[in-house]
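Novice: Got a structure for you, questions after.
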């Protein structure tokens with residue numbers, strides 16, 4: 001199983017909230033040592049120099065680098081000369097199923113974006129909307145913050161070998177579960193069955209699966225079945241009843257109801273739409 005599936009599920013269920021955002025020249029007394037914030041931070045360095053420590057690792061950010069200071073991680077920062085940072089910065093939370101995203105993923109704390117002006121523009125919008133009292137300001141801030149998180153991860157150039165999860169053993173077990181679901185998508189799959197593959201109690205398995213996949217296991221199975229049904233409706237001439245039976249639905253009416261819930265259309269209407277397009 002491509003570990004990107006788990007990462008994709010994380011990001012599809014990501015929720016972000018901005019706490020504060022500003023653009024300023026750091027004062028010469030800008031300094032704090034060995035603390036663990038209950039929020040994450042982005043620093044976008046425009047000018048100057050300074051020092052950061054993240055989990056015991058020292059960094060000296062340069063202009064054009066975007067740094068992540070994750071929530072709950074011991075960190076420090078300080079000026080190192082008469083030329084302090086001029087930077088955009090924000091405090092925010094990023095969670096999947098109530099769990100800090102950066103506790104689930106082990107990511108490089110900085111990147112050098114290929115389009116630095118893009119980061120500046122995103123930050124300008126975040127700062128502007130964060131300090132504007134309009135009906136849509138909070139919604140616009142959230143969308144721009146999501147864009148910033150996405151752009152940061154895109155510029156890490158993560159490939160499959162570099163996707164690192166904080167709890168490797170759990171992720172490996174869940175990867176086997178996802179493989180099993182893909183291989184047995186035509187069957188009725190029970191939670192107890194999946195929990196057994198992961199060597200976990202069903203209650204614990206449901207909590208863990210939701211934390212990593214962003215949805216409960218049975219909902220995930222149904223989602224995968226509907227995605228498979230979409231392919232069959234688009235690429236084959238099989239009837240709705242035949243597709244339903246192939247995917248382990250004993251009741252065609254129930255299959256159609258679930259399909260409409262996930263796809264927004266009945267199977268018949270979905271097929272007609274694909275033909276027209």
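The values are calculated or read from the model by the stated rules, or taken from the named source; none is laboratory data. Keep in mind the model is a prediction, meaning the values are calculated, not measured. Backbone-built Cβ (ideal geometry, glycine too); neighbour counts: all protein chains shown.
Novice: Could you grab me the full set of residues in the stretch 14-43 that are out of contact with any helix residue (DSSP H, G or I) (no Cβ under 8 Å at 6 or more places or on another chain) and under 30 Å from residue 182 (Cα atoms)? Lay out the reasoning, then the answer.
Specialist: Just the residues of the stretch 14-43 that are out of contact with any helix residue (DSSP H, G or I) (no Cβ under 8 Å at 6 or more places or on another chain), to begin with: 15, 19, 24-39, 41, 43.
Across the stretch 14-43, the qualifying residue is only 15.
Novice: So, one more: Do the conditions hold for residue 63, that is, is it over 30 Å from residue 181 (Cβ atoms) and more than 27 Å from the chain's Cα centre (by Cα)? Talk me through it step by step, then tell me what you get.
Specialist: Working: over 30 Å from residue 181 (Cβ atoms): yes; more than 27 Å from the chain's Cα centre (by Cα): no.
No, not satisfied.
Novice: Given the conditions (1) surrounded by fewer than 17 Cβ atoms within 10 Å (Cβ to Cβ); (2) closer than 26 Å to residue 247 by Cα; (3) at pLDDT 90 or above, and given that residue 205 satisfies all but one, which numbered condition is not satisfied?
Specialist: Only one criterion is unmet by residue 205, namely (1).
Novice: Follow-up question, since we're still on this one. So, in the stretch 239-270, how many residues would count as being within 29 Å of the chain's Cα centre (by Cα), touching a residue at least 24 places away in the same chain (Cβ under 8 Å) and not in a helix (DSSP H, G or I)?
Specialist: The qualifying residues number 1.
Novice: In the stretch 2-28, what residues are assigned to a loop (DSSP other than H, G, I, E, B) and at pLDDT 95 or above?
Specialist: The first filter runs over the stretch 2-28 and keeps only residues assigned to a loop (DSSP other than H, G, I, E, B), leaving 2-3, 13, 26-28.
Correct list: 26, 27, 28.
Novice: What residue, among those in the stretch 140-165 that are farther than 29 Å from residue 86 by Cβ and exposed (fewer than 13 other Cβ atoms within 10 Å of the Cβ), is modelled with the highest pLDDT?
Specialist: Going through the qualifying residues, I end up with 159.
This table checks each residue for (1) free of Cβ contacts under 8 Å to residues at least 12 places away in the same chain; (2) part of a helix (DSSP H, G or I).
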position: 186; (1), (2): no, no
position: 189; (1), (2): no, no
position: 192; (1), (2): yes, yes
position: 209; (1), (2): no, yes
position: 220; (1), (2): no, yes
position: 225; (1), (2): no, yes
position: 234; (1), (2): no, yes
position: 237; (1), (2): yes, no
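Novice: For the stretch 235-271, enumerate the residues that are surrounded by 13 or more Cβ atoms within 10 Å (Cβ to Cβ) and at positive phi.
Specialist: If the condition is that a residue be surrounded by 13 or more Cβ atoms within 10 Å (Cβ to Cβ) and at positive phi, then 248 is the only one that fits.
Novice: While we're looking at this one, here's another question. Here are 218, 197: which of them is under 23 Å from residue 15 (Cβ atoms), touching a helix residue (DSSP H, G or I) at 6+ places or on another chain (Cβ under 7 Å) and modelled with pLDDT under 95?
Specialist: Working: 197 fails: under 23 Å from residue 15 (Cβ atoms).
So the residue among 218, 197 that is under 23 Å from residue 15 (Cβ atoms), touching a helix residue (DSSP H, G or I) at 6+ places or on another chain (Cβ under 7 Å) and modelled with pLDDT under 95 is 218.
Novice: Name, by its number, the condition in (1) part of a helix (DSSP H, G or I); (2) modelled with pLDDT of 90 or more; (3) assigned by TED's automatic domain parsing to the domain that holds residue 22; (4) touching a helix residue (DSSP H, G or I) at 6+ places or on another chain (Cβ under 9 Å) that does not hold for residue 134.
Specialist: Unmet condition: (1).
Novice: Ok, one more. Please report, ordered by residue number, the strands (runs of 3 or more DSSP E) entirely within the stretch 52-128 with at least 2 residues that are modelled with pLDDT of 95 or more and touching a strand residue (DSSP E or B) at 6+ places or on another chain (Cβ under 6 Å). Please lay out each step first, then the result.
Specialist: Working: elements: 57-59, 66-69, 75-78, 86-96.
Those strands (runs of 3 or more DSSP E) span 66-69, 75-78, 86-96.
Novice: Still on this structure: Within the stretch 187-200, which residues are surrounded by fewer than 13 Cβ atoms within 10 Å (Cβ to Cβ) and over 15 Å from residue 219 (Cα atoms)?
Specialist: 199
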